[in-house]
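A.B. asks: I have a structure I would like to understand better, so I am pasting it below and will then ask my questions one at a time.
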Amino acid sequence: MITSTSNQRVKELSQIQKKSKIRSREGIFIAEGIRMVRETPHERLVGLYFSESFEKKYGKEVLDVISGGDLKVREQIRKKTEILSDAVFSYVSDTKTPQGVLAVVHQMEYTLGQMTEGAIPHLMILDNLQDPGNLGTIFRTAEAAGVTGIIMSRDCVDIYNPKTIRSTMGALYRMPFVYVEDLRETIHTLKEKNIKSYAAHLDGKNTYDKEDYRQGTAFLIGNEGNGLREEIAQCADTWIRIPMCGQVESLNAAVAATVLMFEVSRQRRG
């Protein structure tokens, strides 16, 4: 059991939690909490850490869940498991009230081609989204709505931010995504694949529910405070709007994305 915060492994865990550059360089991230750890694919697991009190109460159960009951896999995971004193675990945790379990996980790797081949593409394109909770919620909702992939500008919040990871509620492991350097070029590539792009915009020509999304579809969602950048909005095939009552001018980015994603789901079910 590790009992000191000056331990090298503990220092490394703390840095992975705090610094996106280190996560990117090492190709790993930390998933914290019972639900996220239980949903971690065992083949992506780098290391598993229990607090002393958690290990005594839930350790065997968590090992069984991650291994899927496979004794050989369970033994492999057990060998990757470290116990931290409760105080040390609190030191490396990103939450105020740690659940006592975290995993170091290999990052996912996807390509644009994986998102546009096979099923009829249903894509979300996010421009400079900054709120970790919004991004995580979009991932979780996207899985529920049948989205085939999420494309993000390079300046979007890091998907491996601890707060974002928790907000995905496990969808991070199942929803394909890519960061791209040039959204305009990517939107042009999608057009060549007959995927129509729609910008959620206050000046939209039609309300969102008047369009046909039964073919390849991509929605453009902008920054929480400023909306879509003009040069990105201009790339869209069509601008659409979500009608609202009262004096509300716009919706939260995740809420707007949810409305649009489930409209596609509704149309394709019909």
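The values are calculated or read from the model by the stated rules, or taken from the named source; none is laboratory data. Just so you know, these numbers come straight off a predicted model, no measurement behind them. Glycine also receives a Cβ, built like all others from the backbone with ideal geometry; neighbour counts cover every protein chain displayed. Quick note on the areas: whole protein, heavy atoms, side chains included, nothing else; ligands and nucleic acids left out. Shrake-Rupley method; radii C 1.70, N 1.55, O 1.52, S 1.80 Å.
A.B. asks: Leaving out ligands and nucleic acids, note down the accessible area per residue over region 6-104 with a 1.4 angstrom probe, in whole Å². Write down the numbers at each step before the final one.
C.D. replies: Numbers: 5410 Å² over 99 residues.
Heavy-atom SASA per residue in region 6-104 reads 55 Å².
A.B. asks: Report, in listed order, any pair from 18/80; 19/96; 21/80; 18/60 with a Cα-Cα distance greater than 20 Å. Before the final figure, lay out the partial values.
C.D. replies: Details: 18/80 22 Å; 19/96 18 Å; 21/80 24 Å; 18/60 29 Å.
With Cα atoms farther than 20 Å apart: 18/80; 21/80; 18/60.
A.B. asks: Lysine pairs, Cα distance under 26 Å, 8 or more residues apart or cross-chain: how many in region 125-270? Intermediate results must be reported in sequence, preceding the final value.
C.D. replies: Values: 191/205; 191/210; 193/205; 193/210; 196/205; 196/210.
Lysine pairs, 8 or more places apart or on different chains, close enough: 6.
A.B. asks: Using amide H atoms built in the peptide plane, which far-off residues or other-chain residues are under 5 Å from residue 46 H to H?
C.D. replies: Amide H neighbours of residue 46, under 5 Å, 5+ apart: 104, 105, 106.
A.B. asks: Skipping prolines and chain starts, which residues have an amide H placed within reach, meaning under 5 Å, of the one on residue 51, given they are 5 or more residues away or on another chain?
C.D. replies: 84, 101
A.B. asks: Tell me which residues come under 5 Å, amide H to amide H, from residue 28 once H is placed; ignore anything under 5 positions away on its chain.
C.D. replies: The answer is 107.
A.B. asks: Also, quick follow-up: Order the peptides 124-136, 89-101 from the highest to the lowest mean number of other Cβ atoms within 10 Å of their residues.
C.D. replies: Values: 124-136: 21.9, 89-101: 18.1.
Highest to lowest by the protection proxy: 124-136, 89-101.
A.B. asks: Can you give me the Cα centroid spacing of region 90-115 and region 196-260 in angstrom?
C.D. replies: Between the Cα centre of region 90-115 and that of region 196-260, the gap is 30 Å.
A.B. asks: Evaluate the charge dipole of the chain about its Cα centre and quote only its size in Debye, nearest 20, assuming +1 on the Cβ of each Lys and Arg and -1 on the Cβ of each Asp and Glu. Each step should come with its number before you reach the end.
C.D. replies: Values: 36 positive and 35 negative charges, 150 e Å.
Dipole of the chain, to the nearest 20 debye: 720 debye.
A.B. asks: Pull out a ≥ b ≥ c, the square roots of the eigenvalues of the alpha-carbon gyration tensor of region 6-104, then state rounded if a/c is under 1.5, prolate if not and a/b is larger than b/c, and oblate in the remaining case. Please report the intermediate quantities before stating the final value.
C.D. replies: Working: a/c = 1.84, a/b = 1.29, b/c = 1.43.
Oblate.
A.B. asks: Using only alpha carbon pairs under 8 Å that are at least six residues apart, calculate the relative contact order of the chain and give it in whole percent. Before the final figure, lay out the partial values.
C.D. replies: Working: 489 pairs, mean separation 50.3, N = 270.
This gives 19 percent for the chain.
A.B. asks: Restricting to Cα pairs below 8 Å that are 6+ residues apart, what does the relative contact order work out to for region 29-187? Please round to a whole percent.
C.D. replies: Values: 271 pairs, mean separation 42.8, N = 159.
Computed value for region 29-187: 27 percent relative contact order.
A.B. asks: For the chain, with the dipole built from +1 on Lys and Arg beta-carbon atoms and -1 on Asp and Glu ones, taken about the Cα centre, which of 253, 63, 173 lies farthest toward the positive end?
C.D. replies: Of 253, 63, 173, it is 63.
A.B. asks: At a 1.4 Å probe radius, carbon and sulfur cover how many percent of the accessible area of region 173-239?
C.D. replies: Values: 1410 of 3530 Å².
About 40 percent, which is the carbon plus sulfur part of the accessible surface.
A.B. asks: Sticking with this structure for a sec: Just check region 110-266 against the gyration tensor rule for me: Cα atoms, a ≥ b ≥ c as the square roots of the eigenvalues, rounded for a/c under 1.5, and otherwise prolate or oblate depending on whether a/b exceeds b/c.
C.D. replies: On the way: a/c = 1.33, a/b = 1.09, b/c = 1.22.
It comes out rounded by the Cα gyration axes.
A.B. asks: Turning to a different aspect of this structure: I need the shape label for region 60-178. Rule: rounded when a/c is under 1.5, else prolate if a/b > b/c, else oblate, with a, b, c from the alpha carbon gyration tensor.
C.D. replies: Details: a/c = 2.65, a/b = 1.52, b/c = 1.75.
Taking the square roots of the gyration eigenvalues as a ≥ b ≥ c, region 60-178 is oblate.
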